[in-house]
Amino acid sequence: MDRPDFLTDPALARVWDALPDARVVGGAVRDALAGRKVADLDLATPLPPDKVTQALRSAGIKVVPTGLAHGTVTAVVDGRGFEVTTLRQDLETDGRHAVVAFTADWQEDAARRDFTINAMSMDRNGTVFDYFGGQEDLAAGKVRFVGDAATRIAEDYLRILRFFRFYARFGRLPPDTGTLDALRSGIPGLGQLSIERVWNELRRILATPEPGEAVALMDRLGIWAAVVPEAAAVSRLAGLPPDPILRLAAMLTGDPEALGIRLKMSNGDRDRLVRLIETPRAAGSDDDLRRLLADHRPADLIDRTWLDGDPAVRQRLAAMKRPVFPLVGRDVVALGVPPGPAVGELLRVTRQWWMDGGCVAGHRACLIELARIANLPNMTTKR
């Protein structure tokens, strides 16, 4: 493995200067070992939170107490945040939350993590500490729970969905029988989770480059139906780009707005899901496509071609400029029509004539038609 770029990150170096025993943990180590882009850099340390805060502030680093109850502070260097968490052990878990105690034992902290590929740590020299065979699993494409799968799942039922997110990203070997049994047995616990956490994981699964195998396995185990029964057509996932809302729309068998509300989607995601279902299929001549472009968002029409499996129309739409009706209210008033409801009606009728003609008539041609419709033959159409 090449040395990760973050080992020479000057901002991280300042944190390491203040906390020399700290290590980068979790996803950053996993992604670096896999040769993938590293997003967030999280660190762990055997120091308790008050000592961490003192050391960082003594080094002139801003400290934000983002999660003191769980031993987490954020070190802010040059506007960037680095989460620093004291090593922990779980005292109690209820499937959603954990009561923790601080520890100085790195292996004990790693033992509470979900999967072997997420339980590794790395010091500033690039030494990897791997207590549970994460490097071998990562190289083999095996997503494996740390310790007993059923125990890890019972600690936090979200790990069922996290399993499939990492399986979609890193998995090449099928899960063993024990893991499959634990995943299936944990289904009732999914009801304990907040819907926001569920949708966040589903969204991330659907955003992976190739989620088809993971979603198909979720479906076979009954997990997919347990969390999103409104999207039962999982076979429609094949061939779609890594766009979670588009992929969800392709699988949808229920009401899109109701699903968006139930999953507590953002307004933007929910509205887009609805538009994807309600947008008509694009087909026909160039005139037909221009008429559709005049009435619908080009992005929605292009998205819809993915659902309809029509790459040729997608290319045609992408090459077209969206037509815009060239008249506005002041054009009607300028012809001598008094302001009022008649202005809107004349625009509506003229626009329909423009649409019927394939949305190609220009400003002057539309003015002439407007004057004809308004029975104003003596009005000049020159502007």
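Quick notes
- Residues (of a type in the set (Gly, Ala, Ser) and either modelled with pLDDT under 95 or surrounded by 13 or more Cβ atoms within 10 Å (Cβ to Cβ) (or both)) located in region 345-363: GLY357, GLY358, ALA361
- Yes/no for ARG159 being buried (at least 21 other Cβ atoms within 10 Å of the Cβ) and closer than 16 Å to ARG36 by Cα: no
- Selection of region 280-336 for residues being basic (Lys, Arg) and either touching a strand residue (DSSP E or B) at 6+ places or on another chain (Cβ under 9 Å) or farther than 30 Å from ALA233 by Cα (or both) yields ARG290, ARG291, LYS321, ARG322, ARG330.
- Evaluated against (1) surrounded by fewer than 20 Cβ atoms within 10 Å (Cβ to Cβ); (2) at pLDDT 95 or above, ILE205 falls short on exactly one condition, (1).
- When region 126-153 is filtered for residues that are in contact (Cβ under 8 Å) with a residue 40 or more places away in the chain and touching a strand residue (DSSP E or B) at 6+ places or on another chain (Cβ under 6 Å), the ones remaining, listed by number, are VAL128, PHE129.
- Where strands (runs of 3 or more DSSP E) sit wholly within region 8-115, those with at least 2 residues that are surrounded by fewer than 20 Cβ atoms within 10 Å (Cβ to Cβ) and more than 27 Å from the chain's Cα centre (by Cα) occupy 62-67, 88-93, 98-102.
- Some residue of region 316-337 being closer than 30 Å to GLY254 by Cα and surrounded by 13 or more Cβ atoms within 10 Å (Cβ to Cβ): yes
- Only a single criterion out of (1) surrounded by 15 or more Cβ atoms within 10 Å (Cβ to Cβ); (2) out of contact with any helix residue (DSSP H, G or I) (no Cβ under 7 Å at 6 or more places or on another chain) is not satisfied by ALA294, namely (2).
- Test result for ASP5, buried (at least 19 other Cβ atoms within 10 Å of the Cβ), among the charged types (D, E, K, R) and under 28 Å from the mean Cα position of the chain (by Cα): no
- Selection from region 130-165 of residues that are within 16 Å of GLY186 (Cβ to Cβ) and aromatic (Phe, Trp, Tyr): PHE145, TYR157, PHE163, PHE164
- The set of residues from region 55-87 being farther than 26 Å from ALA110 by Cβ and at pLDDT below 95 comprises ASP78, GLY79.
The values are calculated or read from the model by the stated rules, or taken from the named source; none is laboratory data. Keep in mind that what you see is a predicted model, and the values were worked out from it rather than measured. Cβ atoms come from the backbone with ideal geometry, glycine included; neighbour counts cover every protein chain shown.
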